[in-house]
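Comments concern the structure below.
The values are calculated or read from the model by the stated rules, or taken from the named source; none is laboratory data. All values reported here derive from a predicted model rather than from experimental measurement. Ideal geometry is used to build each Cβ from the backbone, glycine not excepted, and the neighbour counts take in all protein chains shown. Accessible surface is based on the protein model in full, side chains and every heavy atom, while ligands, DNA and RNA are left aside. Shrake-Rupley method; radii C 1.70, N 1.55, O 1.52, S 1.80 Å.
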Amino acid sequence: MPLLSRYFIKAGIISFVFSLLLIMTMQARPIFQLWDGFLYFQPVFYHTLLVGWITQIIIGVSIWMFPRHTRENPRGSDSLGWIVFIALNLGLLLRIIGEPWQMMESVFLPKTLLAVSAFLQVLAAIGYIFLIWPRVKGK
Amino acid sequence: MPRLSVHIIRISLIYFALGSLIGAGILFEKSLSYFPAIWLFLPMHIEMLLFGWIIQLVIGVSFWMLPKFGSAPIRGNEKLVWASFLLLNIGILLICLSSLIVNNDALAFGGRLLELIAIIFYARHAWPRVKPFADG
């Protein structure tokens, strides 16, 4: 398995564990009277699960297993792959911080984090499509 | 990768791009408050990414990678998967359209019905291919 795929899959597993810890904590909030701020983490939960876990696993496995790009360059641009990895995970991290914060107090800093997060996540999606598209082909 | 999987996976990638762009637009709205009406596109964002991207990709990859049969047709009845592909995408389009119009119940129901039929066709195709690789 290529290094880039290992990074995607391991980051995906971390995101999966984080998602489940988060939803468990959200469920525990009324029982143990935890911080009210956990009320604002619902969108974060959906995105760490569906983007951080499922989409990231798809990306990692497809980079590993899809048909070769060319014989000389089987997986396409490695640097584009790393840009996708960093953009997706940094974008998600900024969202984890910025989205609940923006819902609690709508001020400049969390709003800026959200704008950067939106840009990074869409950059990751488009970058991945450019990376994998030539490898979606017959023999 | 068989030709049908190429079509299915490419359409799923297009939905990934569209769904992500809408999602980014909604996140920018949370940040910049530039276009509140973009919230109308939230159900479309969810539909495109869950059904258009993830579910469709799984169908495309499984048609390619599930164990094949020992004799032709090696991937079983391909027509079922073509029908599933067409119905799923019409269903997704109807659901997306229904999220933008008022009194959309019939349209949304029609979309979900087509998606259900699509998934039944896919299940009918995939079921016998869930078997050990060595079996014919």
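The table below gives the values:
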item: Sole residue being among the aliphatic types (A, V, I, L, M) and open to solvent by 80 Å² or more (accessible area, probe 1.4 Å), chosen from A:58, A:13, A:54; result: A:13
item: Elements of type helices (runs of 4 or more DSSP H) contained in region B:17-119, each with 3 or more residues being open to solvent by less than 30 Å² (accessible area, probe 1.4 Å) and more than 14 Å from chain A (Cβ to nearest Cβ); result: B:78-98
item: Every residue from region A:34-58 that is within 10 Å of residue A:99 (Cβ to Cβ) and of a type in the set (Phe, Trp, Tyr); result: A:40, A:41
item: Among residues of region B:3-37, those that are touching a Leu at 6+ places or on another chain (Cβ under 9 Å) and among the aromatic types (Phe, Trp, Tyr), counted; result: 3
item: Count of residues meeting criterion [open to solvent by 30 Å² or more (accessible area, probe 1.4 Å), touching a helix residue (DSSP H, G or I) at 6+ places or on another chain (Cβ under 6 Å) and not aliphatic (A, V, I, L, M)] in region A:90-136; result: 3
